[in-house]
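The values are calculated or read from the model by the stated rules, or taken from the named source; none is laboratory data. For clarity, every value in this text was computed on a predicted model and none was experimentally measured. Cβ placement follows ideal geometry from the backbone for every residue including glycine, while neighbour counts extend to all protein chains displayed.
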Amino acid sequence: MGNPSAKPAGRKAVSLAIILAAQVAAMSVWFSSSAAVASIKQQYAIGASQEAMLTTAVQIGFVAGTVVSALLSLADRFDPRRLFALCAAIAAIATGCLVFMAPVGPGAIALRFLTGICMAGVYPVGMRMAATWANRDLGLLIGLLVGALTLGSASPHLLAAAGDVEWRAIYGVASGSALVAALLITFAKLGPGIRRAPSVDLSKIAESWRRTSLRRVNLGYLGHMWELYAMWAWLPVFLHQSFAARGLQNADTKAAWLTFAAIAAGAAGSWLGGIVADRRGRTFVTTTAMSASGICALLIGWLYSAPLFLLVPVAIIWGITVIADSAQFSASVAELAEPGSVGTLLTAHTCAGFLLTMVSIHLVPEVQALLGWPGAFTMLALGPFAGCAAMLRLRRDPEARFLAGGRR
């Protein structure tokens, strides 16, 4: 007779592989404009504000979508696979429409906004599905999903380094990928940890702040998010300026390669962070990673004209540490939440973080104009240091015993 645990283990591995593949494919529509904008600028005269809105509209839509999803407890009341599939399909259609119309203007911005709304039914819902399979490995499971998001964030810089790709092709491929994701996710199974909420309960959202342990996790996450997306947005600008000021040959291409390497390296950091957190504890990984990324933020602005053998390692280490802790905040929320409210609290948690990114992303150029790159990146370092304080307080909280099987 075969091993009776082999079938459940096999179902878990297959389902997690499907969830991961579907999430990577669906999230391609989020980053499609970042990859397409260089080609668009060759054919259309667009200003900096229009260029920024192609990406920012997705962020704004995502926040709006997570607000609605959290208020209605969609991720806890309905089959998450169907919610994921529906949202991925709508996002695919919205992105596909861009192939047949001018990629700038109010219509394009509206479609990008709709895409962002749909991503609220993909990213946190994917984490929700992965969490149903957790068995002492929740940090790694969510770390894999965040690692996939990190690779997606790095992909536009790889395209910029490797050469031009026509914008219609980028949108077309992204649309097709999201359609594949919508179909693929229907083959995933949910794990034994799935719980359904019977009805809308707005008090669940208030629990994110009212309950001390969850509040500390969310404060830690906000500190982390203050730095993360602003770093991803402005590190390439810093590197392009630094390399150009050095008079390097093919400075733009070299800066794009380093940007890709720094951000993509974060995928390995996310996966490694998940492994270590499951073995050593969530607060251990989050405080270690935020301390390291904060130090990198303090240092890198002063390395603008420093030798490359100093600048390059700091950029790579920053890229690894800035995301290594990200999944562990979500894992902490999932472990501290009531089983029937995990999806809602993860969605509200993600919403708050992405809302804050809009502030820090737009503050960087303002501070940089006044205080230079050292001042701008020092401003970002305040986030992870504040996040460390919140997570160290959580470490002393009695409810921290629920994290990572008692590993704080």
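When region 276-291 is filtered for residues that are in contact with a Leu (Cβ under 9 Å, 6 or more places away or on another chain) and either of a type outside the set (Val, Ile, Thr) or modelled with pLDDT under 90 (or both), the ones remaining, listed by number, are 277, 278, 281, 282.
Listed here are the residues, each with its yes/no results for (1) touching a residue at least 24 places away in the same chain (Cβ under 8 Å); (2) surrounded by fewer than 21 Cβ atoms within 10 Å (Cβ to Cβ); (3) among the β-branched types (Val, Ile, Thr).
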residue: 109; (1), (2), (3): yes, yes, yes
residue: 116; (1), (2), (3): yes, no, no
residue: 150; (1), (2), (3): yes, no, yes
residue: 158; (1), (2), (3): yes, yes, no
residue: 173; (1), (2), (3): yes, yes, yes
residue: 178; (1), (2), (3): yes, no, no
residue: 183; (1), (2), (3): yes, yes, no
residue: 190; (1), (2), (3): yes, yes, no
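For region 285-326, enumerate the residues that are of a type in the set (S, T, N, Q) and without any contact (Cβ under 8 Å) to a residue 40 or more places away in the chain. 288, the sole residue that qualifies.
When region 248-263 is filtered for residues that are surrounded by fewer than 20 Cβ atoms within 10 Å (Cβ to Cβ), in a helix (DSSP H, G or I) and of a type outside the set (D, E, K, R), the ones remaining, listed by number, are 251, 253, 257, 261. Residue 63 meets the conditions (1) farther than 29 Å from residue 347 by Cβ; (2) among the β-branched types (Val, Ile, Thr); (3) crowded, with 19+ Cβ neighbours inside 10 Å in every case but one. The failed one is (1). Find the residue count for region 268-290, including only residues that are surrounded by fewer than 24 Cβ atoms within 10 Å (Cβ to Cβ) and in contact with a helix residue (DSSP H, G or I) (Cβ under 6 Å, 6 or more places away or on another chain). Matching residues across region 268-290 total 6.
On the stretch given as region 105-153, residues that are at positive phi and either in contact with a Phe, Trp or Tyr (Cβ under 6 Å, 6 or more places away or on another chain) or modelled with pLDDT of 80 or more (or both) total 1.
Take region 35-60 and flag every residue that is within 18 Å of residue 92 (Cβ to Cβ) and surrounded by fewer than 21 Cβ atoms within 10 Å (Cβ to Cβ). Of everything in region 35-60, just one residue is within 18 Å of residue 92 (Cβ to Cβ) and surrounded by fewer than 21 Cβ atoms within 10 Å (Cβ to Cβ), namely 57.
I'd like to check something: does region 266-276 contain any residue that is in a helix (DSSP H, G or I), under 20 Å from residue 392 (Cβ atoms) and not hydrophobic (A, V, I, L, M, F, W, C)? The answer is yes; a qualifying residue exists.
Within region 351-360, is there a residue that is within 17 Å of residue 230 (Cβ to Cβ), out of contact with any His (no Cβ under 8 Å at 6 or more places or on another chain) and surrounded by 24 or more Cβ atoms within 10 Å (Cβ to Cβ)?
In the first step, residues of region 351-360 are kept if they are within 17 Å of residue 230 (Cβ to Cβ); the result is 352-360.
Among the residues that remain, those that are also out of contact with any His (no Cβ under 8 Å at 6 or more places or on another chain) are: 352, 354-360.
Cutting the leftovers down to surrounded by 24 or more Cβ atoms within 10 Å (Cβ to Cβ) gives us none.
Checked against the condition, which is being within 17 Å of residue 230 (Cβ to Cβ), out of contact with any His (no Cβ under 8 Å at 6 or more places or on another chain) and surrounded by 24 or more Cβ atoms within 10 Å (Cβ to Cβ), region 351-360 yields no hits at all.
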